[in-house]
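The values are calculated or read from the model by the stated rules, or taken from the named source; none is laboratory data. Computed from a predicted structure; not experimentally measured. Cβ atoms come from the backbone with ideal geometry, glycine included; neighbour counts cover every protein chain shown.
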């Protein structure tokens, strides 16, 4: 019985709820990472005196390196988390059981 | 064909999904701006020593000016963004195509 | 008339929308508090030099006390808010009327 | 916001959306307040009990934040009303 | 992201999700920008009017942030493309 | 949380809500961790490669954050259990 569109049976109008939901979550994840990347590299590279509206040479180069480094960190953290199997027990939802 | 309530045809029970969604997004936007305003003006105007629970005169005046200035900044940023047509290409969703 | 599942009449498939929504909001609330707790106690207790990956004795003790104190603050704030009846008029949604 | 262009089913739906949102706003403000006052008032972790000084700080912090929010809210409503009336120019 | 495994109904649904998300992203960026430039540029509350110096700062801040976002977005897209092609290893 | 007052259809729905939320929590923690460790460990942008010192810092930062979260989670569960039992008073 797939009451709420769980499992892989398509429900309303030929839409596989689970597949759509996974894609939506992936999209949310990418957006979240991107927003944090923008914010982090802004803090690292952009002077907040705002004497002009253009990115100067130093800022532009810094941004490129900052993005590259952020991706490296992303990779290291991902590897580390897989190694320790970190999915379990780190959030409060884990305390909730039916 | 308005499969998922797109376009302006009303769908379930006489509700125009698009209109309701636009209103919901506007509400989210106003809430977001308000929360940032509260937080910014708190940082600018309120002493964190917390020797008393009342707003003193200086803090009250500061809040009023802070809100006024925040609205001015809101207007300037809005004008600037319209001038540069900033909607396009600033987020990661732009990379996603079907 | 319970057009959108309001009131306590069960709607789709025996699910009481309101009860489910309340439980979902409670879950969101707990998650939000937990995330702020993790972040606050990290700022209070964990050195950001990251010379090693283990929690040292001082950090561990600090975390335990930090969580206990956070719960105390949670209780005090809750009591204070009930005392002043703070639900009303603090958000922008209050400005919205149909 | 102006919902007068909506039909009654849409208005009923928006009322429900707004109610839910007010609940969420309230909860978010609550946890934000706990975090904010904890961060400002608690800096001594040699004990797990709240000192009387810390407790007073938390109470003042809560009080002040609520008054701050209310004042900002009042100014915000005025500015919004002005903008609606088209007199939004300086 | 790759939606090629989806059927057309699912793709249509995702298009709609993405459109809504882009709108939300845009609004979030807008309010984030207002907050950011206000916080960086406005520190004098002896007056409620924006000084010309503050105004210039806000305009530059907005300009620079948009250019920053665009540049980060371009690099982000390149890195994502690389990772998709399996050449994500150093 | 206590879902015992719910009927089985409601419990099934909540199970699904909780599963989705756990996934979201996990993703949010992941990106938060990347941001946090990047901000703490990377301050030199004369090169785009992660130095071995930076890499070690990131690994320790990740490790420590996970242990921190787990410990906070354990204390959080104890406090919640206490409050449920009605012995929440000081």
- Among (1) more than 9 Å from chain B (Cβ to nearest Cβ); (2) closer than 28 Å to residue C:40 by Cβ, the one test that residue D:81 misses: (2)
- How many residues are within 10 Å of chain D (Cβ to nearest Cβ), within 29 Å of residue D:57 (Cα to Cα) and touching a helix residue (DSSP H, G or I) at 6+ places or on another chain (Cβ under 6 Å) if we restrict to segment B:14-39? 5
- Message: So residue B:87 ticks every box in (1) touching a helix residue (DSSP H, G or I) at 6+ places or on another chain (Cβ under 8 Å); (2) modelled with pLDDT of 95 or more but one. Which box is left unticked?
- Response: (2)
- Message: Among the residues of segment F:16-51, what is the count of those that are modelled with pLDDT of 90 or more and more than 19 Å from the chain's Cα centre (by Cα)?
- Response: 11
- Message: Here's a check for you: in segment A:40-80, which residue that is within 16 Å of residue E:37 (Cβ to Cβ) and in a helix (DSSP H, G or I) is farthest from the other protein chains (Cβ to nearest Cβ)?
- Response: A:43
- Would you check if residue D:6 is in contact with a helix residue (DSSP H, G or I) (Cβ under 7 Å, 6 or more places away or on another chain), over 24 Å from residue B:46 (Cβ atoms) and at pLDDT below 95? yes
- Provide a single number: the residues in segment E:63-78 that are over 16 Å from residue E:29 (Cβ atoms) and buried (at least 17 other Cβ atoms within 10 Å of the Cβ). 1
- Looking at residue F:53, is it facing chain C (nearest Cβ under 8 Å), closer than 30 Å to residue A:66 by Cα and assigned to a helix (DSSP H, G or I)? no
- Item | residue F:12 being farther than 30 Å from residue A:62 by Cα and touching a helix residue (DSSP H, G or I) at 6+ places or on another chain (Cβ under 8 Å) | no
- Does segment D:3-39 hold any residues that are within 7 Å of another protein chain (Cβ to nearest Cβ) and in a loop (DSSP other than H, G, I, E, B), and which are they? D:3, D:6, D:7
- Out of (1) surrounded by fewer than 19 Cβ atoms within 10 Å (Cβ to Cβ); (2) at pLDDT 95 or above; (3) more than 25 Å from residue B:45 (Cβ to Cβ), the one residue E:1 does not meet is (2)
- Quick check, is residue F:60 surrounded by 16 or more Cβ atoms within 10 Å (Cβ to Cβ), more than 12 Å from the chain's Cα centre (by Cα) and within 7 Å of another protein chain (Cβ to nearest Cβ)? yes
- Among F:54, F:10, F:35, which is the only one that is buried (at least 18 other Cβ atoms within 10 Å of the Cβ) and under 25 Å from residue F:83 (Cβ atoms)? F:10
